[in-house]
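Down below is the structure, laid out as structure tokens.
The values are calculated or read from the model by the stated rules, or taken from the named source; none is laboratory data. Treat the numbers as computed from the prediction; the structure is a model and nothing was measured. Cβ coordinates were reconstructed from backbone atoms using ideal geometry, including for glycine residues, and neighbour counts include every protein chain displayed. Heavy atoms of the whole protein, side chains included, go into the accessibility calculation; ligands, DNA and RNA do not. Shrake-Rupley method; radii C 1.70, N 1.55, O 1.52, S 1.80 Å.
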Amino acid sequence: MNPFAAVAVKTVGAAGVAAVLSLGVVQAATPSPSPATDHRSDRRAVARAVFESEADVLGIAPRTLREDLKKGQKVSDLAKDKGMTKEQFAMKLVANVKPRLEALVDHKVITQAQADKVIDRIANGHIPFWDGLHRATTK
């Protein structure tokens with residue numbers, strides 16, 4: 001092999017190895033996002049817990065609740081059919097969702113402050129889907 005070619009191969013090879021190693025070091029030094037800092041995953045987890053709790057309070061499966069909402073039903077109508085007022089539904093929802101939120105806190109998916117905020121909002125009358133689905137309309 002030509003001496004110049006040998007030097008070129010060694011130089012290119014060494015540069016390639018250095019580049020690959022530096023990428024590995026950068027990736028190792030960059031911390032992966034923790035579940036608690038990914039705002040979308042914690043919101044999805046909370047929404048899922050609340051939705052499943054709403055279905056439990058109504059005595060139906062989450063899939064059935066989703067289908068009813070898509071058909072135009074409201075949680076308020078479904079609760080009324082079960083003989084519950086908004087206040088009664090909210091109290092049962094808080095009792096049902098607390099253990100789910102505590103599990104999310106224990107698994108570090110959400111913080112205790114986030115769980116407390118959800119409980120407080122429900123206790124103060126903010127019940128998701130109470131007035132049905134609110135879809136964005138296009139003009």
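When both residues are 6+ apart or on different chains and their Cβ atoms are under 6 Å apart, which pairs have a first residue that lies in segment 42-67 and is over 14 Å from Ala79 (Cβ atoms), and a second that is assigned to a helix (DSSP H, G or I) and open to solvent by 50 Å² or more (accessible area, probe 1.4 Å)? From residues that are over 14 Å from Ala79 (Cβ atoms), the pairs are Ala49/Arg100; Pro62/Glu52.
So which residues in segment 79-124 are under 19 Å from Leu58 (Cα atoms), of a type in the set (Lys, Arg) and not in a helix (DSSP H, G or I), if there are any at all? The answer is Lys82, and nothing else. Summed over segment 64-91, the residues that are more than 21 Å from Ala123 (Cβ to Cβ) and of a type in the set (Val, Ile, Thr) give a count of 1. Ala90 meets each of the listed conditions (1) in contact with a Gly (Cβ under 8 Å, 6 or more places away or on another chain); (2) at pLDDT below 95; (3) open to solvent by less than 30 Å² (accessible area, probe 1.4 Å) apart from (2).
The residues in segment 45-78 that are assigned to a helix (DSSP H, G or I) and either open to solvent by 70 Å² or more (accessible area, probe 1.4 Å) or within 25 Å of Gln114 (Cβ to Cβ) (or both) can be counted, and the count is 22.
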